[in-house]
1. Which residue is farthest from Y120 (Cα to Cα), if the candidates are limited to segment 1-57 and must be surrounded by 17 or more Cβ atoms within 10 Å (Cβ to Cβ) and of a type in the set (S, T, Y)?
2. Can you run down the residue pairs with Cβ atoms below 6 Å, 6 or more apart or on separate chains, where the first is in segment 114-135 and surrounded by 13 or more Cβ atoms within 10 Å (Cβ to Cβ) and the partner is among the basic types (K, R)?
3. I84 - would you say it is in contact with a strand residue (DSSP E or B) (Cβ under 9 Å, 6 or more places away or on another chain), more than 23 Å from M1 (Cα to Cα) and of a type in the set (V, I, T)?
4. Tell me the residue from G39, G77, G15 that is part of a strand (DSSP E or B), under 25 Å from H108 (Cβ atoms) and at pLDDT below 95, please.
5. For the condition closer than 28 Å to I99 by Cα, free of Cβ contacts under 8 Å to residues at least 12 places away in the same chain and of a type outside the set (D, E, K, R), what is the one hit in G15, G20?
6. What are the residues in segment 42-69 that are touching an Asp or Glu at 6+ places or on another chain (Cβ under 6 Å) and either in contact (Cβ under 8 Å) with a residue 40 or more places away in the chain or under 22 Å from A106 (Cβ atoms) (or both), if any?
Amino acid sequence: MITLYRYEIFLDFNGPEYYGNEKIQMVSDEDKLEIDSVGIEILEVKADGNSVRYDVNNDKLVVYSKVGKELEIRFKGRASDKSIVGIYIAPYDNNKKYIVTTQFEASHARRFIPCFDVPYMKARFKLFVRVDRGL
């Protein structure tokens, strides 16, 4: 059962890449968890503070571990300038400025952040975004 998703997202407006640190407060006695994740590079996965084995298969992050309290995922993604699902970056003011938007419905959160992207697994969500000073 998931009680809270907590994300720290680091946006760099010099390019489309972003980095994220995710902490999912949850309890699972399953030996294998399948987390929705499309086009996201997974950098590290920890369960209860310990590094665990994982694979990325068919748009899923597969974690091979039980979770007693917290699952942590470090990841890297890329904002799209072609599609308006997940995270999208769009120019305005004659391409001098950019805006970042997200589109999570119906199942597009998985294109921005690793998550259980199904309606029956809803949970609270905290999102912290870091950008360069002056933006």
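1. Top of the filtered list is Y18.
2. Short answer, once both residue conditions are applied: D117/R110.
3. Here the answer is yes, as I84 does meet what is asked.
4. G77
5. G15 is the lone residue from the list that is closer than 28 Å to I99 by Cα, free of Cβ contacts under 8 Å to residues at least 12 places away in the same chain and of a type outside the set (D, E, K, R).
6. Within segment 42-69, K60, G68, K69 qualify.
The values are calculated or read from the model by the stated rules, or taken from the named source; none is laboratory data. Because the structure is a prediction, the values reported are computed rather than measured. In this analysis, Cβ positions are derived from the backbone assuming ideal geometry, glycine residues included, and neighbour counts consider all displayed protein chains.
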